[in-house]
């Protein structure tokens, strides 16, 4: 949820700049301010649009997590300890589905992380 709030705050500040307002004071920017230049305004509008997409995506993920449609750790970074646990589970012969449940991640996320860590299952594939 912090990521969502951070994105919303960033979007709101950039939107204010694109509208010619100081995000801290709400006052109009000087006409010669860099954020008043046409090319900069266009870039700021594009940034606002991109951040809007990111906010909508994050909101969708949060809703899916809250309703149980996605595992709780979907979208979170993997840390070194989780990587070690993943490799240990693979070496112990656990399936990707079992590991995904343990780590509260999707099976695809587990498969991709295992590949990134260089895991090669017997027979050349990860099951």
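Things worth noting here:
- Equivalent-ellipsoid semi-axes of the chain, from the Cα gyration tensor, Å, largest first: 44, 15, 11
- Listed from fewest to most Cβ neighbours within 10 Å, the set 67, 74 follows the order 67, 74.
- Orientation-averaged projection of the range 54-97 equals 3.8 nm² [convex hull of Cα atoms, one quarter of hull surface area].
- With a Förster radius of 22 Å applied to the beta-carbon distance between residue 32 and residue 12, the computed FRET efficiency rounds to 0.35.
- Taking Cα atoms only, the orientation of helix 107-116 departs from the longest principal axis of the chain by about 90 degrees.
- Look at the Cα gyration tensor of the range 10-65: its axes a ≥ b ≥ c give a/c of at least 1.5 with a/b at or below b/c, and that counts as oblate.
- Fewest-first ranking of 78, 119, using other Cβ atoms within 10 Å as the exposure measure: 119, 78
- Cβ-Cβ FRET estimate between residue 80 and residue 49, R0 fixed at 25 Å, reported to 0.05: 0.10
Read the figures in this text as sums done on the coordinates, not as results from a lab. Just so it is clear, the model here is predicted, and its values are computed rather than measured. Cβ coordinates were reconstructed from backbone atoms using ideal geometry, including for glycine residues, and neighbour counts include every protein chain displayed.
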